[in-house]
């Protein structure tokens, strides 16, 4: 077995272990209330941490100005998401705005 | 059983918008893996065994420059560490399931499946079959990741970057995030996590996500007390 297969198998097991970790741990161990209260912030914090860099630093370069089309589009998408609470509308509106902006600028 | 089936298909349906962004990503991965010197079988197997987009991208790039296996394993491990947060977050919701369910759902616990499934777990309805929704979302993502890898590997085709389909991922996450910002602590957690993620964007291996998430959580907890 060559190195790439070995790497794959070990990393596959480790990745599965990471994903299973707290599902098993929190089963056996009664977490203190502060941990339990903190869990509701996990999706909010993680999603924000993924989204904001995508918007303000497209291609890895910080750009907070109207020349950043993804930032403009993201702001529109946030308004649509807030108003409609609907994923499909948010995507349709966002992609529409982005493609139109890309076409003209 | 009927409800389980409904939940399952509901999960697939809600995962569909994310797939628009995931499929081009999978195709690019397939092409990149071949150009890095992996065989077709290796490229496809990695999508099945590791099943983690960002880590796979990094691995094939490291493989291309002849990086030692140990370094690749550690790198992939660190890139995937953020999934521990997801594990903790879904843990209370899957606690009552049997070990087989926990095993399958853990294998399927990617960023994209997590984002959709956890949003559903926080919805107010009292469905007892939300794990079927999680399974539907996870399998929809898994299947399209495998197929898009295969399309990249075997056909060598890719979606033109000018279509900007990668942006649909961010848009889906916006659609999931914004309605969940219902109180001050949530809003502050979101703003601080977003700001920290940008400030620490220079960190390698996506560690900025972990740092930002932890700070966001702490800010949320702290503002809850006031």
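FYI, it's all coordinate maths here, none of it is from the lab. Everything numeric in this text was worked out from a predicted model, so none of it was measured. Cβ atoms come from the backbone with ideal geometry, glycine included; neighbour counts cover every protein chain shown.
In table form, for the structure just shown:
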read-out: Under the Debye formula (equal points on every Cα, no solvent term), log10 I(q)/I(0) of the stretch B:181-226 at q = 0.15, 0.32, 0.33 Å⁻¹; value: -0.35, -1.02, -1.06
read-out: Computed [θ] at 222 nm, deg cm²/dmol, the protein assembly as shown (DSSP H ≥ 4; -39,500 (n - 2.57); rounded to nearest 500); value: -25000 deg cm²/dmol
read-out: Two-site label geometry, residue B:40 and residue A:31: point separation in nm, points 7 Å out along Cα→Cβ; value: 4.5 nm
read-out: B:54, A:65 arranged by Cβ crowding within 10 Å, fewest neighbours leading; value: A:65, B:54
read-out: Computed over the stretch B:49-129, Cα set: Rg, Dmax in Å; value: 15.7, 52
read-out: With Cα atoms, 0 to 90° folded angle of helix B:53-64 axis to chain B main axis; value: 30 degrees
read-out: Amide N proximity, the stretch A:18-49 versus residue B:184 label position 7 Å along Cα-to-Cβ, cut-off under 18 Å; value: A:41
read-out: Burial ordering of B:205, B:133, fewest other beta-carbon atoms within 10 Å first; value: B:205, B:133
read-out: Overall form of the stretch A:33-104 per C-alpha gyration tensor (a/c, 1.5; a/b vs b/c); value: oblate
read-out: Rounded, prolate or oblate (a/c below 1.5 giving rounded, otherwise prolate when a/b exceeds b/c) for the protein assembly as shown by Cα gyration tensor; value: rounded
read-out: Zone of residue A:2's modelled label, taken as backbone nitrogen in the stretch B:33-49 under 13 Å from a point 7 Å along Cα→Cβ; value: B:34-43
read-out: Most mobile listed residue (B:150, B:88, B:213) in chain B, GNM with C-alpha springs under 10 Å; value: B:88
read-out: Cα gyration tensor, the stretch B:81-125 - rounded (a/c under 1.5), prolate or oblate; value: oblate
read-out: Exposure proxy order (Cβ contacts within 10 Å, fewest to most) of A:70, A:28, B:123, A:40; value: A:28, B:123, A:40, A:70
read-out: In degrees, nearest ten, helix B:69-80 long axis to first principal axis of chain B (Cα); value: 30 degrees
read-out: Backbone N under 15 Å from the residue B:96 label point (7 Å along Cα→Cβ), restricted to the stretch B:10-52; value: none
read-out: At R0 = 25 Å, FRET efficiency that the Cβ-Cβ distance of residue B:211 and residue A:75 yields, to 0.05; value: 0.50
